[in-house]
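Student: Just passing along the structure, written as structure tokens.
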Amino acid sequence: QVQVVESGGGLVQPGGSLRLSCAASASIPTIHNMGWYRQAPGKQRELVAVITSGGSTNYADSVKGRCTISRDNAKNTVYLQMTSLTPEDTSVYSCHADTVSTRYWGQGTQVAVSS
């Protein structure tokens, strides 16, 4: 059973930075892609960033240049460094970890950007 646990959310002022972490446990399956989605109240869930096991990345246009996704394959951990945050970035950020057959989701971590 794969468990995915996010951490690092919180309240930050506009213009500030935040680093989210997500650790996936796996007994046998190999984790392929890992990534982050976010969902604000009343809005659809949207992709933030994704990274393959080889390190290739993809970002939503709304976060390009402000966010960096990285991962530590040895730890099955993915990070999302966010900078220049705005109130529009306020959302629940959820991490996913993909095996060859299944996408596992974490519970999500709240990010609030407010003065």
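The values are calculated or read from the model by the stated rules, or taken from the named source; none is laboratory data. Keep in mind that what you see is a predicted model, and the values were worked out from it rather than measured. With ideal geometry, Cβ positions are generated from the backbone for all residues, glycine too; neighbour counts draw on all protein chains shown. When the accessible area is computed, the model is the full protein with side chains, heavy atoms only, and any ligands, DNA or RNA have been set aside. Shrake-Rupley method; radii C 1.70, N 1.55, O 1.52, S 1.80 Å.
Student: Give me the percent relative contact order of the chain, please, defined on Cα pairs under 8 angstrom at least 6 residues apart. Please report the intermediate quantities before stating the final value.
Tutor: Values: 284 pairs, mean separation 43.2, N = 115.
For the chain, the relative contact order is 38 percent.
Student: On to the next question. Give me the net charge for the shell around Val12: Cβ to Cβ below 14 angstrom, other residues only, Lys and Arg +1, Asp and Glu -1.
Tutor: 0
Student: Suppose all protein chains stay in the model; what accessible area per residue would a 1.4 Å probe give for the stretch 26-115, in Å²?
Tutor: Numbers: 4790 Å² over 90 residues.
It amounts to 53 Å² per residue over the stretch 26-115.
Student: Under 11 Å from the Cβ of Tyr79, count the other residues' Cβ atoms, weight Lys and Arg +1, Asp and Glu -1, and hand me the total. Display every interim value, and only then the final one.
Tutor: Numbers: positive: Arg19, Arg71, Lys75; negative: Glu6, Asp72.
Spelling it out: positives minus negatives among the neighbours equals +1.
Student: Cβ under 15 Å from Tyr59's Cβ, Tyr59 left aside: what net charge do those residues give with Lys, Arg +1 and Asp, Glu -1?
Tutor: +1
Student: Right, next: Taking θ as phi - 60°, what are the ³J(HN,Hα) couplings along the stretch 43-55 by the Karplus curve (6.51, -1.76, 1.60), each to the nearest whole Hz, with x for Gly and Pro?
Tutor: Values per residue, Gly and Pro as x: 10, 6, 5, 9, 5, 9, 6, 9, 9, 7, 5, x, x Hz.
Student: Would you list Asp72, Asp98 from the most to the least accessible area, probe 1.4 Å?
Tutor: Values: Asp72 50, Asp98 20 Å².
If we order Asp72, Asp98 from most to least accessible, we get Asp72, Asp98.
Student: Return, for the Cα atoms of the chain, the radius of gyration and Dmax in Å, separated by a comma.
Tutor: Over the chain's Cα set, Rg and Dmax evaluate to 13.5, 45 Å.
Student: Let me ask something else about it. Check which residues have an amide H placed less than 5 Å from Ser53's amide H, if you skip close sequence neighbours.
Tutor: Close amide H contacts, sequence-distant or interchain: Asn33.
Student: One-quarter of the Cα convex hull surface for the stretch 64-115, in nm²?
Tutor: Values: hull surface 18.5 nm².
Average projection, Cα convex hull of the stretch 64-115: 4.6 nm².
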